[in-house]
Structure formats: C-alpha cells, structure tokens
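Please treat every number below as a calculation from the coordinates, not as lab data. Keep in mind it's a predicted model, so treat the numbers as computed, not measured. Don't worry about glycine lacking a Cβ; one is built from the backbone with ideal geometry, like all the others, and counts go over all protein chains shown.
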C-alpha cells in the first residue's frame, strides 16, 4: 500500500491529483484525500477477488492489459485538465468487475468521508482504479507471477503488513459479502479516519 500512497506524494501523484481536481471541479486537498480513501478500498476488493480461484484467473488475465504502462503516460492522461475518457471508461469497467453492485456503497462512503457529492466520489474511484490496476500489474510482471493463487501474496505485499491497511481491506471484503443494507457507511468513515490519521 505504501508504494501506491507514496506515489501520490511525488510529481506523478500531484499530476494525477491536479488532473482529477480539474476534471471534477473539486478542491485538490479534497481530491487527494478521496483518492487516498479509494486506494485501500480498491486493494481490499482486489484481494477479495484474488482469493477466489475463478475470479483470480480473470484478474490475472486482466493484468496482462493493465501492465503498468499507464504509469508512463500520466502526463498525457491527467496533465491537460481533462482526464482521458478512455481511462475513466476503463475504470468503470474495473469497478464493475471488482466491486459489482457495491460500487455505489463504496462511493457513498468516500463521499461522506471527504465531503464530496456521490458523483465526484464515483468518478474518483473510476480514475483511481486503472492506476491501482497498473501498479498491481507492474508488480505482477516484475515478479513474473503466472499462477492466479499467487495474487493474494502480491496484494498482501503491496499492503505491506500495515495493520490499519489490513483492517481496511478486510472490512471491504466483508462489504462485498454483505447484504448491502447501508449500515456500513459510518464504520467505513471511521476506518478511513483511522487509516489516514484523521
């Protein structure tokens, strides 16, 4: 997790944040906070997918496309004030695969946590998803993973053994199995505050 979150502190991350902020018409601090909230939730969803043999195989196949090359094109994608529509559409497809019908529940939690409207929070998830997949794809390629069952270890290493991050990802896994009654929003909000020192 630290590798992805550290990315946001550097020039590349700031370009992502500024591009997303311009696209959404939102304050850059809110945008950064929302992206930082979205990342562990997406990692938790990917970890949940990787724990199932069938979805893990599909995820590994998808990572052949999301090989990390997006990280080499951040300037083109986020640098012009209008985020590339293809990336947003790709992000929406990723959310459909990893979150399914729960994507609006997760977006609502991010919106509430960061003082955003639901649409902005959902678009932040769409923009963050290809970046997270790119980071995971790059890590998978670098470690030459070919077995879907090894993906959980890769994701675990990216989370880095951080107890707060593990708790965060574990919680999102439970959301994906829950009945979606909406009662998890306050819990997610409090978890996010704890994870990011709020």
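In table form, for the structure just shown:
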quantity: Stretchable slack from residue 82 to residue 52, in nm (0.36 nm times residue separation minus alpha-carbon distance); calculated: 7.2 nm
quantity: Highest average packing first - 60-68, 104-112, Cβ atoms within 10 Å; calculated: 104-112, 60-68
